[in-house]
Each structure stands twice: as C-alpha cells, then as structure tokens.
1. Starting from the 7 Å offset along Cα-to-Cβ, what nm value, one decimal, do you get for the label separation of residue 68 and residue 109?
2. Over all Cα pairs of the range 43-107, how is the pair count split among 5 Å bins, expressed in % and running from 0 up to the last occupied bin?
3. Need one number: nm distance between label points at residue 30 and residue 116, each 7 Å from Cα along Cα→Cβ, rounded to one decimal.
4. Tell me, what is the percent relative contact order of the range 4-172, built from C-alpha pairs under 8 Å that lie six or more residues apart?
5. Rank-order 29-41, 164-176 by packing density, defined as the average count of other C-beta atoms within 10 Å over each peptide's residues, highest first.
6. Just the projected area, averaged over all directions, of the convex hull on the alpha carbon atoms of the range 70-176: how many nm²?
7. Any chance you could tell me what percent of the C-alpha pair distances in the range 86-134 go past 11 Å?
8. For the range 13-57, what ratio Rg/Rh do Cα atoms give with a Kirkwood hydrodynamic radius?
C-alpha cells in the first residue's frame, strides 16, 4: 500500500531539483507550445471538474498524444465504448464530455483531488497512471521521463516490469516545466514566478533553475487570484489577467488602509 502523503513529499523533493535533459528540451518545448495553444479547450473542462487546465493538458498528451478524437481516460476513441482500462466508458458526444467523465467518474477521480501543490499534482498524475513504480520506490516515467529524475525501468505491459526498458514518451513533469517557461499562470501555480538567481539554493543552481523569491501575503493573494482568473477572463492572456488582478488587489489594500485610518481618527477624543 503506497502512502500518498509520502509520495507527495518525494515528488515535491524531485520537483525542487528536476530539469529537462539537454537532448529532450526542444521536444518538451515544442509540445508545451502546442498544449498552451489549446488552453481554452482545457479551461472548459477545468471549469466543470476543478482540475487545473495544465494538468488536464499533460494527461491528454500522455494518454492520447493530444489527439482530439481520443479519450483523456486511456486514449481510446471517445465515440465508441472503450476497450482499455478504464473499460466500458462511452460512447460520448464530444471530447470534452469524455474528459469530464474521465476526471469525475474514473479512478483516481481527479476531480476530488484537493492538493494542487507541485508535489500534490505530480502525485495525482502518477496515481492516474498507476502506483506500481511508487510501490517499488522507483520514479514513475509517466511523470519523470525526459528529466534527470529518471533513467530506466518501465512496465512494458500490464503487470510486467522491465528494469532496463526506457520510456520514450515525454513525462508530465518536464512538460509542466516547459509550459511554465511560456505561460505566466502555469509558472505562478507551480512556484516558478518572480525567480532570482541570487536567492537560489545550491541544489537548484546546479540544476540551472532558480527558486522563487519568498512572497509577501499580498503577492501570494495576487498570484492565487491570477491562477483562478482564467475561468473568468479566458479570452485574455495570462499576463493581462495577472495585471488586472494586481490592480484589483492594490485597490482593495488601499481601501482597507484608508478605512483603518478613518476609524482611528473617529476614535480620537
């Protein structure tokens, strides 16, 4: 039995130092651009399920190479009854309907997941594929393939593990790293915004990726609001949404300060 809390902690530690392999960076970034370009389609499913759009995107890539005629659940055609696990799903009227079913009604029931920290969402992604690797104490290639956190070992078919097989697909973690480079909302959600090399721990300097600076409560509130603002302003770029949120937060902060000063003046004899 795999303890999800321990797996979440392990995935968080790996994420803190992970980097894309040099010979896979171009491939990761090419796919990341394609996934980010389809953000609005993923956002439509995110609104119905509560699963972040970028998590849906990387699942779609891993399960179906982002084919829109294939289900998010296992890559089978969504307009037929599925024959691979989860079996017996569908047919569905659209890709989005099949995606909602996969996230809401199929294990591991991603729509019920609550921990969307980097370690938490990586654990959900690993759980989506299966916890066999975690049970052996091995990094899941579904998550880590193409990064320096994975070298070899793969289930080549159900229940058959080959320690020398190498997963050729791009893993979810590397895809998220590449998406964070080009989308400010993804970067904020994954803790990759406001980075500065001068405050980088040695482990992350060695990995070539800086850690984010400590954030004030106001910055945290703005980043959190910006991540959710995509559901309200899907037609705007992530940078524009972030700027609007900063203006709103700053206005609220100024109003609170004015109110407190006014109350203090009224209280004076």
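1. Those two pseudo-labels are separated by 3.2 nm.
2. Pairs per bin, as whole percents: 4, 21, 34, 28, 11, 2.
3. Placing both labels 7 Å along Cα→Cβ, they lie 3.1 nm apart.
4. Normalised by residue count, the contact order of the range 4-172 is 21 percent.
5. Going from most to least packed, we get 164-176, 29-41.
6. About 7.0 nm², averaged over all directions.
7. Tail of the P(r) past 11 Å holds 70 percent of the pairs.
8. Reported Rg/Rh, Kirkwood definition of Rh: 1.10.
No lab work stands behind these numbers, since they all come straight from the coordinates. Since this is a predicted model, take the numbers as computed values, not measurements. Cβ coordinates were reconstructed from backbone atoms using ideal geometry, including for glycine residues, and neighbour counts include every protein chain displayed.
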